[in-house]
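For reference, the structure is listed below as structure tokens.
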Amino acid sequence: MVEISWHDFEKVELRVGTIIQVDEFPKAHKPAYKLTIDFGAVIGQRRSSAQITKHYSKEELVGRQVVGVVNFPKKQIADFMSECLVTGFADDNGDIVLSAVERPVPNGSKLM
């Protein structure tokens, strides 16, 4: 484990957004979805590739709030440009379980 300062942590923009669109991503090396996430008026919509196909169907993801890092540089994955990182934890099989908020909060809310 690497210890960081509070100042370092404050640089990470962990924000809540609502998934508004989910598309298949057949060109990804590992099974993944292309997500469009609404992070509110200030940040806007961002797209992300997420390897979450084992636990989530496309239908159950639309309308779900997720926690994402919105201030990483864009990353190209196959022919897709990922603009944020959706956070989650690996289960016992290495499949990702999404990080989420306990109750609905406004899109764009920052983790405090």
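Every residue, every condition in (1) touching a strand residue (DSSP E or B) at 6+ places or on another chain (Cβ under 9 Å); (2) among the basic types (K, R); (3) surrounded by fewer than 17 Cβ atoms within 10 Å (Cβ to Cβ), yes or no:
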residue	(1), (2), (3)
G40	yes, no, yes
S48	yes, no, no
A78	yes, no, yes
D95	no, no, yes
L98	yes, no, no
E102	no, no, yes
Which residues, taken from the range 6-27, are at pLDDT below 95 and either in contact with a Cys (Cβ under 6 Å, 6 or more places away or on another chain) or surrounded by 12 or more Cβ atoms within 10 Å (Cβ to Cβ) (or both)? K27
Any idea which of E59, E10 is more than 15 Å from L111 (Cα to Cα), of a type in the set (D, E) and free of Cβ contacts under 8 Å to residues at least 60 places away in the same chain? E59
Output the number of the condition that R15 fails; it satisfies all remaining conditions of (1) in contact with a strand residue (DSSP E or B) (Cβ under 8 Å, 6 or more places away or on another chain); (2) more than 16 Å from S109 (Cβ to Cβ). (2)
Filter the range 13-53 down to the residues that are in contact (Cβ under 8 Å) with a residue 60 or more places away in the chain and on the phi > 0 side of the Ramachandran plot and list them by number. G40
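The values are calculated or read from the model by the stated rules, or taken from the named source; none is laboratory data. From a predicted model like this one, the values you see are computed outputs, not experimental measurements. Backbone-built Cβ (ideal geometry, glycine too); neighbour counts: all protein chains shown.
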